[in-house]
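S.K.: The structure follows.
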Amino acid sequence: MDYPLSRRPRRLRTTPALRELTAETQLRPADFILPMFIADGLDQPNPISSMPGVYQHTFDSLIRTAEQALEQGVRCVDLFGVPLPADKDETGSQAWAENGILNRGISHLRKEFGDELLIMADTCLDEFTSHGHCGLLDGDGGVLNDVTVDRYVEMAVSQAAAGAHLVSPSGMMDGQVAAIREGLDSAGFHDVAIMAYSAKYASAFFGPFREAVGSSLQGDRRTYQQDPANRRESLLEVQLDIDEGADFVMVKPALSYLDIISEVAEFSPVPVAAYQVSGEYAMIQAAGSNGWVDRDAVMMEALLSIKRAGANQILTYFATDAARLLNQG
């Protein structure tokens, strides 16, 4: 028998065209930001074993990979530097050196692409310090806040001078956004934007990233990154960064913190980014390569969930692959 139903939600699911017409959330290649690694001393790209398909790049492979992303409509990359172990020191001084690997990578990209590709630079010391922490240490091994922020300012100004369109302070030091904004403006870089890692959790999902950057970390970062148990703390951190002049705010990681992304998106007057981190990427790649899941379908569903939660931009190692699938329809 036919039931006298006035509402049949399935009506809007009957054909692909209807499903597309009524989709509440859509992904675009321009939503993605591709994280990349430029490493010193390489003569060929170095594959990262825990992140299949991701490499530590030479200058040539950096340009080629950025070009491939741009061809698919990915308009922004986030660049991390990997120095030689011998160049690391207690203060991470290569982080702001003009001839440091990160600033040289920025310069190469800007020279090649100009304003066609947005170049974002990671503004943090952890890749450059011999102890692997995101800041300078006191005599007891604790991370000092204010002197670390001073180094972030030097780093951000050097990145802007090298050609970065955006800087991305990721160290979770109090007051970092305000200090960087003042430093950039004082140096004449008024148009360089800040994407603040505002709600960055002390997450176990960061594991593969540490291989990617050759991390020297001993211990953990729980005194400055957020406790995964906390929600209200994120809202405070985000509001502080907005008040200090952040042009974007970010939640990191993404999939385990969709609730945080959603709450931040509800009140933020600036764009909200989310970082699908190395562990999230590695798990999808591993499950896909073992045939346990459809890798491409899970990749796209995960990215769609991040966008649906409220992220305007998604940092993801899948950026080029996902954009290619979107372009293929």
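S.K.: Tell me which residues, restricted to segment 85-104, are part of a helix (DSSP H, G or I) and touching a helix residue (DSSP H, G or I) at 6+ places or on another chain (Cβ under 6 Å).
M.R.: Correct list: Asp87, Gln94, Ala95, Asn103.
S.K.: May I pose another question? Could you check Phe205 against (1) in contact with a strand residue (DSSP E or B) (Cβ under 8 Å, 6 or more places away or on another chain); (2) surrounded by 21 or more Cβ atoms within 10 Å (Cβ to Cβ); (3) under 21 Å from Cys134 (Cα atoms) and say which number it fails?
M.R.: With respect to (1) in contact with a strand residue (DSSP E or B) (Cβ under 8 Å, 6 or more places away or on another chain); (2) surrounded by 21 or more Cβ atoms within 10 Å (Cβ to Cβ); (3) under 21 Å from Cys134 (Cα atoms), Phe205 is out only on (1).
S.K.: I've got another one for you. For segment 71-83, indicate whether the set of residues that are out of contact with any Lys or Arg (no Cβ under 7 Å at 6 or more places or on another chain), under 30 Å from Asp150 (Cα atoms) and assigned to a loop (DSSP other than H, G, I, E, B) is non-empty.
M.R.: Yes, segment 71-83 contains at least one residue that is out of contact with any Lys or Arg (no Cβ under 7 Å at 6 or more places or on another chain), under 30 Å from Asp150 (Cα atoms) and assigned to a loop (DSSP other than H, G, I, E, B).
S.K.: So which residues in segment 3-52 are among the charged types (D, E, K, R) and either open to solvent by less than 90 Å² (accessible area, probe 1.4 Å) or touching a Pro at 6+ places or on another chain (Cβ under 7 Å) (or both), if there are any at all?
M.R.: Listed by number, the residues that qualify are Asp31, Asp40.
S.K.: Cβ-Cβ under 8 Å, sequence separation 6+ or interchain: first residue in segment 107-132 and at positive phi and buried (at least 19 other Cβ atoms within 10 Å of the Cβ), partner of a type outside the set (Gly, Ala, Ser) and assigned to a loop (DSSP other than H, G, I, E, B). Which pairs?
M.R.: These pairs meet every condition: Gly132/Asp126; Gly132/Leu217; Gly132/Gln218.
S.K.: Another one. For segment 266-280, give me the residue count where each residue is open to solvent by 40 Å² or more (accessible area, probe 1.4 Å) and either touching a residue at least 40 places away in the same chain (Cβ under 8 Å) or at positive phi (or both).
M.R.: Counting residues in segment 266-280 that are open to solvent by 40 Å² or more (accessible area, probe 1.4 Å) and either touching a residue at least 40 places away in the same chain (Cβ under 8 Å) or at positive phi (or both) gives 2.
S.K.: Let me ask you something else. Listed residues Leu255, Leu325, Leu303; which is buried (at least 22 other Cβ atoms within 10 Å of the Cβ) and either closer than 19 Å to Ile194 by Cα or among the aliphatic types (A, V, I, L, M) (or both)?
M.R.: Leu303
S.K.: Would you mind finding the one in Val153, Val167, Val147 that is under 17 Å from Ser93 (Cβ atoms), crowded, with 20+ Cβ neighbours inside 10 Å and of a type in the set (Val, Ile, Thr)?
M.R.: Val153
S.K.: Arg64 versus (1) modelled with pLDDT under 95; (2) open to solvent by 40 Å² or more (accessible area, probe 1.4 Å): which is the lone unmet condition?
M.R.: Going through the list (1) modelled with pLDDT under 95; (2) open to solvent by 40 Å² or more (accessible area, probe 1.4 Å), Arg64 breaks only (1).
The values are calculated or read from the model by the stated rules, or taken from the named source; none is laboratory data. A quick note: this is a predicted structure, and the numbers were derived from the prediction, not measured. Counting neighbours? That spans all protein chains shown, and the Cβs are built from the backbone with ideal geometry, glycine included. With ligands, DNA and RNA removed, areas are computed over all heavy atoms of the protein, side chains included. Shrake-Rupley method; radii C 1.70, N 1.55, O 1.52, S 1.80 Å.
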